[in-house]
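Have a look at the structure below before the remarks.
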Amino acid sequence: MNDSLHFGWRIPDFPVDGARGPALTRQIVQALETLHGLFDSAWQADHFVPWAGFQDPATDTLEAWTTISFLAGMFTDLQFGNIVLCQSYRSPALLAKMAATFQTLSNGRLILGLGAGWKQDEYRAYGYPFPPTADRLAQLEESVQILRRMWREPRATFHGQHYQIEEAICEPKPDPIPPLLIGGGGKKVTLRIAAQYADWWNFPGGSAEHYAELLEALRGHCAKVGRDENSIVKSWLNDCVAIAPTHEAALSLAQASPFYTPGVSVVGTPEEVAAHLKRFTDLGVRQFILRFVDFPKTDGARLFAQEVIPMLKG
């Protein structure tokens with residue numbers, strides 16, 4: 001039995017069926033109640049409006065940190081994470097304090113996902129400066145250093161190009177210190193930051209062949225900083241998992257979903273889905289984060305948990 005494999009349920013951060021307000025909340029809560037004991041974790045994106053271009057920007061969209069805080073209080077056997085928080089939206093010192101508080105109140109069930117940010121229209125709408133990519137990556141690197149210092153030092157001081165703190169106190173300290181997940185696939189900078197600072201690394205979508213290329217780049221950066229690449233938990237996200245007893249039924253589900261991308265989406269019978277994901281476990285992936293396209297139904301997620309997970313862990 002491969003107990004090192006873990007499976008996360010991707011919380012739908014915006015509905016595609018017209019649900020609004022309390023109806024969307026009920027859908028998510030009812031799904032998690034139905035899936036109780038079947039998944040290890042639940043994950044929420046960090047956007048103020050739908051990240052997908054096909055969705056009306058005025059669609060109800062749940063804020064990332066509030067959502068996982070609310071759900072962590074209801075579902076006390078799950079880990080929670082964001083896939084991923086935008087480092088620009090919360091100052092790193094405030095985020096360190098928020099994460100420490102979450103760890104204290106949840107008894108240590110946070111995985112802190114962080115990325116450089118990318119959605120320019122969202123930045124502009126909410127009044128955040130949108131600097132060039134190189135600056136946002138530099139901000140990400142400074143952010144993770146501040147997080148580490150505030151979680152470990154009695155009074156943390158950091159003077160960077162973009163962020164500064166002065167004898168900042170973060171009490172209570174998070175116990176345990178949450179794993180820090182860096183999300184993204186930039187071979188030159190993002191993966192260097194992951195190699196130097198991340199406990200986990202995630203890449204969303206794409207083929208196993210592309211994932212292998214990114215892993216090779218990550219290994220190169222790890223070698224340069226003298227780190228064992230195996231000390232980083234590898235994770236993979238897919239926003240379109242369509243699973244059914246027959247391939248035809250699964251393909252019909254996928255093609256009815258706006259998330260469907262041929263060749264990237266995970267589509268098929270339990271055996272076919274397991275074969276697809278095994279290509280990633282063979283590369284070293286130990287955490288999957290999956291969105292099931294039949295939501296708010298839970299048939300697909302339950303079929304996956306009951307049949308695919310045992311195949312992969314077996």
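The values are calculated or read from the model by the stated rules, or taken from the named source; none is laboratory data. The shown structure was predicted, so the numbers you read here are calculated from the model rather than taken from an experiment. Ideal geometry is used to build each Cβ from the backbone, glycine not excepted, and the neighbour counts take in all protein chains shown.
For this structure, a couple of remarks:
- Residue among 142, 122, 167 that alone is of a type in the set (D, E, K, R) and touching a Lys or Arg at 6+ places or on another chain (Cβ under 8 Å): 167
Yes/no per residue for (1) under 28 Å from residue 197 (Cβ atoms); (2) touching a residue at least 40 places away in the same chain (Cβ under 8 Å):
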| residue | (1), (2) |
| --- | --- |
| 215 | yes, yes |
| 226 | yes, no |
| 233 | yes, yes |
| 281 | yes, yes |
| 286 | yes, yes |
| 289 | yes, yes |
| 293 | no, yes |
| 303 | no, yes |
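- Region 31-48 - residue that is within 22 Å of residue 82 (Cβ to Cβ) and of a type in the set (S, T, N, Q) and, of those, surrounded by the fewest Cβ atoms within 10 Å (Cβ to Cβ): 41
- Within region 129-151, the set of residues being assigned to a loop (DSSP other than H, G, I, E, B) and surrounded by 15 or more Cβ atoms within 10 Å (Cβ to Cβ) comprises 130, 131.
- You will find that of 68, 28, the residue that is farther than 19 Å from residue 184 by Cα, in contact with a Gly (Cβ under 8 Å, 6 or more places away or on another chain) and of a type in the set (Val, Ile, Thr) is 68 and no other.
- Scope region 73-100; condition outside any helix (DSSP H, G or I), more than 14 Å from residue 63 (Cα to Cα) and small (Gly, Ala, Ser); matching residues: 88, 91
- All conditions but one from (1) in contact with a Leu (Cβ under 8 Å, 6 or more places away or on another chain); (2) within 23 Å of residue 12 (Cα to Cα) apply to residue 303; the one that does not is (1).
- So residue 96, is it farther than 22 Å from residue 20 by Cβ, of a type in the set (Gly, Ala, Ser), crowded, with 22+ Cβ neighbours inside 10 Å and in contact with a strand residue (DSSP E or B) (Cβ under 9 Å, 6 or more places away or on another chain): yes
- Test for residue 28: is it at pLDDT 95 or above, crowded, with 16+ Cβ neighbours inside 10 Å, within 30 Å of residue 154 (Cα to Cα) and among the β-branched types (Val, Ile, Thr): no
- Wholly enclosed strands (runs of 3 or more DSSP E) of region 154-209 bearing at least 2 residues acidic (Asp, Glu): 164-168
- Residue that is surrounded by the fewest Cβ atoms within 10 Å (Cβ to Cβ), among those in region 73-91 that are touching a Phe, Trp or Tyr at 6+ places or on another chain (Cβ under 6 Å) and in contact (Cβ under 8 Å) with a residue 60 or more places away in the chain: 83
- Selected residue [surrounded by fewer than 16 Cβ atoms within 10 Å (Cβ to Cβ), within 21 Å of the chain's Cα centre (by Cα) and of a type in the set (Ser, Thr, Tyr)] from 207, 252, 265: 207
- Candidates 277, 290 - the one that is among the aliphatic types (A, V, I, L, M), touching a Leu at 6+ places or on another chain (Cβ under 8 Å), part of a helix (DSSP H, G or I) and under 30 Å from residue 189 (Cβ atoms): 277
- If you check 70, 102 for being under 21 Å from residue 10 (Cβ atoms), surrounded by fewer than 22 Cβ atoms within 10 Å (Cβ to Cβ), free of Cβ contacts under 8 Å to residues at least 24 places away in the same chain and among the hydrophobic types (A, V, I, L, M, F, W, C), only one passes: 70.
- Hits in region 276-309 (condition: in contact with a Phe, Trp or Tyr (Cβ under 8 Å, 6 or more places away or on another chain) and either surrounded by fewer than 19 Cβ atoms within 10 Å (Cβ to Cβ) or among the β-branched types (Val, Ile, Thr) (or both)): 283, 285, 289, 293, 298, 305, 309
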